[in-house]
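See below for the structure under consideration.
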Amino acid sequence: MKEEIIIAGFGGQGVLSMGKVLAYSAIMQDMEVTWMPSYGPEMRGGTANVSVILSDSKIGSPIVTRYDTAIILNQQSMDKFEKTVKPGGLLLYDPSGITRHPERKDIRIAQINAIEVAASVGNSKVYNMAVLGAFLKIKPVVSMDNVRKGLAKCIPARYSDLISLNEKAINEGHDSVLIINEI
Amino acid sequence: MAEKILMKGNEAIAISAIRNGVDGYFGYPITPQSEVMETLMKEKPWETTGMVVLQAESETSSINMIYGGASCGKKVMTSSSSPGVSLMCEGISYMAGAELPCVVVDVMRGGPGLGTIQPSQSDYDMIVKGGGHGDFHNIVIAPASAQDMYDFVDWGFELAFRYRNPVVILSDGIIGQMMEKVELHPAKPRRTAEEILEAAPWAVTGKPAGRPRNIITSLSLDSDIQEVFNQKLARKYAEIEAREVKYTEHLTDDAEYLFVAFGCSSRICEAAVDELRQSGIKAGLLRPVTLYPYPFGRIGELAGQVKSIMSIELNLGQMVTDVRLAAGGKCPVGFYGRQGGNIFTPEEIVEAFRKFNNLK
């Protein structure tokens, strides 16, 4: 199994840390991972993206241009990454702020209204975990048990009380994903 | 089972320094390697192993602090990125001239000048062919993963002390910024004063009665003495070239076409090789792990076996000169590269390969 994922949105949405939780969860499942961020000036407020590769075997190139999954959280990223999804792949996006919705018919398309989910959980900071939950519903590449372990590795001990909140957001995101296009 | 941690290559350098008994780190922040010092400051090793971590006022200052630490037989290191390493070159040359061990990490970015902060391999010539003025070599090792970043710190110090020579870990923005799984080996304590005397009997640690003074200097005003010293260095380099060459190969046994690439480029190239194999073309890859000493011998052997060689680099073509030298005219040698912080994809490499070899 090899899953090549791009996660893209605004700086501050938790794009990089979502990728980190996913990557750490995969390590807990004894998989190989690479996590490659865009680390330019965009880190200071513009667009941010990270490509995460999960694999059962050693990963050669950490640089890929076509993805099995694109997780898209703003319009700029939609314009840039919709075309990079492999035929038969998955595009998961948050519709808030999207003015041009994805048009491709050869890929699976799903929506998650993660702002709503985060609000229902009661903390806007877990926005990214709601998105992660939605992704894992459609592609359960790592078990929820390992996601919990990965989460514990990513959250510093002094914030351990936030683990359950993040877990709740993952579960709610899991239940709130909407399939728009099946192939 | 050893603990497996998800970390950036830069973080791996820092964690490895602490766990491998490094005595001191002196540096100055610059993207894309600032996480090295950030991690050290966060980990506060001065409270655990006693390792010193200091942000100097400039790169020139950091390299000279290392000169001082190394003179005392300590395991000391610094890290920077291309423009900062330029500033360090004078100090590196002085350390080569004074035969001082140290580890310098260069996480390369696009240049020349301040250039970009994105990944590049544009310091190959500067570090492998020079790294300062005068007649000397740095030992240069090129990591291709976060695990390599972790492992090469210890290996670097081993080489640095074995040969009393600066070692440069020549990395890049991809390897520095990318997170991967890193397996931590059992930690080693810092050397005790007695162990330093044993590992570095040349060090200035206070002169006991009964032995002559140890003098650390790169200055000699007598040409005859300097020449004898230069020839001593030559013997040392010959030994390094005979004993320390390291490379890895991917599908070279039956290869009809060869790629040569180091660092992050070797990873991307490996994917290109696999893609070509799927379409029935017998491609293979040699990754030099040591850039000095360089695997001239093995590339020369393979040049007699394959139809062509391509050097794949994130620069305008620097290592390709060494590949040509190694091939010795036995087969055509080509080059493909991207510059300025842009990165090639495996597909791009395959396309360049087909063009160079006139294959459809």
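Could you give the length gained by full extension between A:Arg148 and A:Ala119, i.e. 0.36 nm per residue of separation minus their alpha carbon distance, to one decimal place?
Using 0.36 nm per residue and subtracting the Cα-Cα distance, I get 8.3 nm.
May I ask you to give the average projected area over all directions of the convex hull of the Cα atoms of the protein assembly as shown, in nm² rounded to one decimal?
Reported value for the Cα convex hull: 27.5 nm².
Report the GluC sites (Glu not before Pro) located in segment B:51-154 that are in a DSSP loop and have at most 12 other Cβ atoms inside 10 Å of their Cβ, or state none.
In loop regions of segment B:51-154 (DSSP not H, G, I, E or B), the sparsely surrounded GluC sites (Glu not before Pro) are B:Glu57.
What distance in nm separates the two pseudo spin-label positions at B:Glu351 and B:Leu114, each 7 Å out from Cα along the beta-carbon direction?
Reported label-point gap for B:Glu351 and B:Leu114 is 3.3 nm.
Springs between alpha-carbon atoms under 10 Å, Gaussian network over chain B: tell me which of B:Gly280, B:Gly334, B:Gly304 tops the mean-square fluctuations.
Maximum among the listed residues: B:Gly280.
Kirkwood-based Rg over Rh for segment B:247-356 (C-alpha set), two decimals?
Rounded to two decimals, Rg over Rh is 0.92.
Based on the Cα gyration tensor of segment B:1-88, what are the three equivalent ellipsoid semi-axes, each the root of five times an eigenvalue, rounded to whole Å and given largest first?
21, 17, 10
Among the GluC sites (Glu not before Pro) in segment A:17-118, which ones are in a DSSP loop with at most 14 other Cβ atoms within 10 Å of the Cβ? Mind listing them?
Loop-located and lightly packed - A:Glu103.
Taking every eigenvalue of the Cα gyration tensor of segment B:1-47, multiplying by 5 and rooting it, what semi-axes result, largest first, whole Å?
18, 14, 8
Among the listed pairs A:Lys139/A:Lys168; A:Lys58/B:Lys8; A:Lys80/A:Lys105; A:Lys139/B:Lys181; A:Lys58/B:Lys75; A:Lys80/A:Lys137, which have their C-alpha atoms separated by more than 29 angstrom in this model?
A:Lys58/B:Lys75
For chain A, what is the Kirkwood estimate of the hydrodynamic radius, computed as the reciprocal of the mean inverse distance between distinct Cα atoms, to one decimal in Å?
Kirkwood radius, chain A: 16.2 Å.
Tabulate in residue order the Karplus-calculated ³J(HN,Hα) for segment B:344-360, using 6.51 cos²θ - 1.76 cosθ + 1.60 with θ = phi - 60°, rounded to whole Hz; enter x for Gly and Pro.
Coupling constants for segment B:344-360: 7, 9, x, 4, 4, 5, 4, 5, 5, 4, 5, 5, 4, 9, 6, 10, 8 Hz.
Please give the per residue volume of the convex hull enclosing the alpha carbon atoms of segment B:59-118, rounded to a whole number of Å³.
64
Of all DSSP beta bridges in segment A:2-181, what percent run antiparallel (nearest 5)?
Looking only at bridges with both residues in segment A:2-181, the antiparallel portion is about 60 percent.
Taking 41 Å as R0, compute the FRET efficiency from the Cβ-Cβ separation of B:Glu244 and A:Glu182 and round it to 0.05.
Computed FRET efficiency for B:Glu244 and A:Glu182 comes out at 0.10.
Cα convex hull of segment B:3-195: how many Å³ per residue?
98
Please report the antiparallel percentage of the DSSP beta bridges confined to segment B:247-356, to the nearest 5.
25
Taking just the C-alpha trace of chain B, give me its Rg and Dmax in Å.
In Å, with Rg to one decimal and Dmax whole: 20.8, 76.
Wrap a convex hull around the Cα atoms of segment A:1-101, take a quarter of its surface area, and give that in square nanometres.
6.4
Just to check, using Stokes-Einstein with a Kirkwood Rh over alpha carbon pairs, what's the diffusion coefficient of segment B:116-190 at 25 °C and 0.890 mPa s in µm²/s?
Roughly 178 µm²/s, to the nearest whole number.
Tabulate in residue order the Karplus-calculated ³J(HN,Hα) for segment A:102-107, using 6.51 cos²θ - 1.76 cosθ + 1.60 with θ = phi - 60°, rounded to whole Hz; enter x for Gly and Pro.
With the stated coefficients, segment A:102-107 comes to x, 10, 5, 9, 9, 10 Hz.
Let me check I have the definition right: for segment B:27-75, take the eigenvalues of the Cα gyration tensor, multiply each by 5, take square roots. What are those semi-axes in whole Å, largest first?
The equivalent ellipsoid of segment B:27-75 has semi-axes of 18, 17, 7 Å.
No lab work stands behind these numbers, since they all come straight from the coordinates. What you see is a predicted model, and the numbers here were worked out from it, not measured in a lab. With ideal geometry, Cβ positions are generated from the backbone for all residues, glycine too; neighbour counts draw on all protein chains shown.
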